[in-house]
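The values are calculated or read from the model by the stated rules, or taken from the named source; none is laboratory data. The structure presented is a predicted model; accordingly, all values stated were derived computationally and were not measured. Neighbour counts run over all protein chains shown; Cβ positions are idealised from the backbone, glycine included. Side chains included, ligands, DNA and RNA excluded: accessible areas come from the protein's heavy atoms. Shrake-Rupley method; radii C 1.70, N 1.55, O 1.52, S 1.80 Å.
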Amino acid sequence: MSWYALFVKTGYESSIKRWLDTRFDNNLLHSVIPKRKVPEKKDRTVQHVIKTLFPGYVFIETKMSFSIYYTLKENPFIYNTLNYLNNKDKRSTLPDVQMASVASERPAAESHFFKEIPSEEMLVVLQLINENEVIEYSQVYFQDSKVIVQSGPLKGLESHIKKVDKHKKRAKVLMNIMGREQLVDVGIEIIE
């Protein structure tokens, strides 16, 4: 089984996950919506808010086929899957023989129509989230202007932390996902 990304209507990620859970057996298709816990200050009080890490995306682990794809397309809030059918990917990843079959509309292997997320990219995401799919706070401190993670999901991933906002108690973490680098805010707890 491999990981794939579904482009979905923003704000509908949780309802789509529930739909997937009722529509597919967990052994056939497993869905994940990574979330993050971050502190937000409102009316002079700090609230701990859960936000979607990648709004507009639901990650699925499955053995993708046209049958599964067309079942997914039955949901009007699932727009598409990350795929190879754009010109840039067709030129860079499909061999010439398969390019000819795509161009002539002869069927190519199903696997060439659905772009997998490399397992090493998903591994970082899966290591960060807990059983509730949430990135909890990491306990950090500073030593000689260096960030040291004492405990939490960022432990061992200090090299991914690019910036820390002590006032907002957030860290900007560099993640490589779906072929591009993204900076995401995650909540931290600063210890002295």
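Summary table
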quantity	calculated
The range 17-49 - residue that is within 15 Å of the chain's Cα centre (by Cα) and among the β-branched types (Val, Ile, Thr) and, of those, surrounded by the fewest Cβ atoms within 10 Å (Cβ to Cβ)	32
Exclusive hit being of a type outside the set (A, V, I, L, M, F, W, C), out of contact with any strand residue (DSSP E or B) (no Cβ under 6 Å at 6 or more places or on another chain) and surrounded by 13 or more Cβ atoms within 10 Å (Cβ to Cβ), set 118, 153	118
Where a residue in the range 16-34 is under 18 Å from residue 63 (Cβ atoms) and its partner, wherever it lies, is assigned to a helix (DSSP H, G or I), with Cβ under 6 Å and at least six apart	31/17; 31/20
Some residue of the range 95-115 being modelled with pLDDT of 75 or more and either touching a Leu at 6+ places or on another chain (Cβ under 7 Å) or not in a strand (DSSP E or B) (or both)	yes
The range 145-165 residues that are without any contact (Cβ under 8 Å) to a residue 24 or more places away in the chain and among the polar types (S, T, N, Q), paired with ones that are in a strand (DSSP E or B) and open to solvent by 60 Å² or more (accessible area, probe 1.4 Å) (beta carbon under 6 Å, 6 or more apart)	none
All positions within the range 170-180 that are surrounded by fewer than 18 Cβ atoms within 10 Å (Cβ to Cβ) and modelled with pLDDT of 85 or more	172, 174
Of residues in the range 39-80 being over 21 Å from residue 133 (Cα atoms), assigned to a strand (DSSP E or B) and β-branched (Val, Ile, Thr), the one modelled with the highest pLDDT	45
